[in-house]
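Beneath this line is the structure, given in structure tokens, with notes to follow.
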């Protein structure tokens, strides 16, 4: 995992909230199913370079890395807790073609180019 960033107060609260949820984030099957569905529709294939914005625990990044071969995947997130879980999963899977970066999606380095840019995010709407 590389980089550290300075976040405004709101984004730091969001990052902290997700870091606190990092150990239970993958519980259930909703997030894995959503990530798998995104990969299915993204038409990722060998040789492509993929950017996964808000990579979280790496659900999309890991599945994409298994498809692209050596070109690899860059996963970015503001939550260091989620990225630590992602790194554990990447290591357990024996993958070496994923780079995790602590980064704010609103301030990414424009010098990189990617064949696919993905973001698998779902937010519950308050009821009532």
Which listed residue is surrounded by fewer than 11 Cβ atoms within 10 Å (Cβ to Cβ), modelled with pLDDT under 95 and more than 22 Å from residue 70 (Cα to Cα), from 16, 29 | 29
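Can you tell me which residues in segment 110-119 are surrounded by fewer than 21 Cβ atoms within 10 Å (Cβ to Cβ), touching a residue at least 12 places away in the same chain (Cβ under 8 Å) and either under 14 Å from the mean Cα position of the chain (by Cα) or over 21 Å from residue 37 (Cβ atoms) (or both)?
The answer is 112, 113, 116, 117, 119.
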If we keep only residues of segment 39-54 that are on the phi < 0 side of the Ramachandran plot and touching a helix residue (DSSP H, G or I) at 6+ places or on another chain (Cβ under 6 Å), then the residue surrounded by the most Cβ atoms within 10 Å (Cβ to Cβ) is 52
Odd one out for residue 72, checked against (1) in contact with a helix residue (DSSP H, G or I) (Cβ under 8 Å, 6 or more places away or on another chain); (2) more than 25 Å from residue 27 (Cβ to Cβ); (3) at pLDDT 95 or above = (3)
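The values are calculated or read from the model by the stated rules, or taken from the named source; none is laboratory data. Computed from a predicted model, the values in this text were never measured in an experiment. With ideal geometry, Cβ positions are generated from the backbone for all residues, glycine too; neighbour counts draw on all protein chains shown.
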